[in-house]
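Below: the structure, in structure tokens.
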Amino acid sequence: MNIKKYITTHGTSYYLASLFFPKTIKQQVFLLYAFVRVADDIVDNEQEDQCEKIQILIDRTQNIFSQTPDTTSTPHDPIILPFVELCKNKQIEQEWVETFLAAMKSDCEWIDYTHYEQLQTYMVGSAEVVGLMMCQIIWYPIQDQEKVFYHARKLGEAMQYTNFLRDIKEDWMDRQRIYIPQDRLTPFWLDQNDIKKYCEWTGKIGENWKHFMKNEIWFTKKMYEEANQWIALLHPQGRKAVQWASVLYCSILDKIASVDYDVFTANVRSSKRENLLLIIKKYFHNHH
């Protein structure tokens, strides 16, 4: 399996940001992202038996970690095997990997999110522990570990919630999932049924929805501001790439605002060209 090709196919923003890593780190980051995408693709894109397939991935990964004799293999072994080796070399805890996989499996057993705290519990596995894995690959001063880990988790949460805001229609129409918790909607006289209605809607969205999205963008940008404080603590070999990843993901929120908060009918995904232009613009702004 060509891991680099796999990455470029699945994540434009992630891939562009990763170009700022030195070669050795870049290969390790690609491997981490490839493993994450394998699990994500099973629960998001497989048409049937998602729970069974993700459980096979979980079992296979655990067996490789524990070096349990296992004669079975999966099509994903070219990613799983080197990923587990990476975890051992970089002191990435097996518990983090298992927490991530458990969050992916929970997507097969869907629940409605009533409170943001429930969603946060999911995001610990789906995004925050991935930030911790990234810290181990990039490295940081050991004496600052608690601070680094806290802000890495916060950046993972910000990026994940950004994706949820952008992908509201796709998540409902393709997967019958609504990640936006009810308690985020209630202050704006909205509920999850309004999301379902807007997904089928072809007219203009209401003012309540616009106010809701404005608030969520503000809420998420505050997370980015807090999360970005840790980047300077990272080893210089990875600092710039994480900085650009934060910039590129945060720019998704600006794109949502630019289409008048209509994530139902407008294309709010940034193209590679748009991301490159943003990098150039930010670079020259910071150096002049």
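Read-outs throughout are calculated quantities, based only on the coordinates presented, and are distinct from any laboratory measurement. It should be emphasised that the depicted structure is a prediction, and the values quoted were computed from it without experimental measurement. Positions of Cβ are generated from backbone atoms using ideal geometry, with glycine treated the same way; all protein chains shown enter the neighbour counts.
No disulfide-compatible partner, judged by a Cβ distance under 4.7 Å, exists for the following cysteines of the chain: Cys87, Cys135, Cys199, Cys250. For the chain, the relative contact order is 22 percent, taking Cα pairs closer than 8 Å that sit 6 or more residues apart in sequence and dividing their mean separation by the residue count. Each residue, Gln192 and Lys88, gets one label point 7 Å from its Cα in the Cβ direction; the gap between the two is 4.2 nm. Within the same chain, aspartates and glutamates fewer than 8 places from Lys210 are excluded, and of the rest, those with a Cα less than 20 Å from its Cα are Asp167, Glu170, Asp171, Asp183, Asp191, Asp194, Glu200, Asp254, Asp260, Asp262.
For a modelled paramagnetic label at Asp254, 7 Å from Cα along Cα-to-Cβ, the residues of segment 189-232 in reach, with backbone nitrogen under 15 Å, are 218, 221-222, 224-225. Computed extension gain for Glu207 through Ser73, at 0.36 nm per residue and net of the alpha carbon distance, reaches 43.0 nm. If you sort the three axes of the alpha carbon gyration tensor as a ≥ b ≥ c, you get a/c of 1.5 or more for segment 127-222 and a/b above b/c, which makes it prolate. Over segment 54-199, Cα pairs under 8 Å with separation of 6+ residues give a relative contact order of 21 percent.
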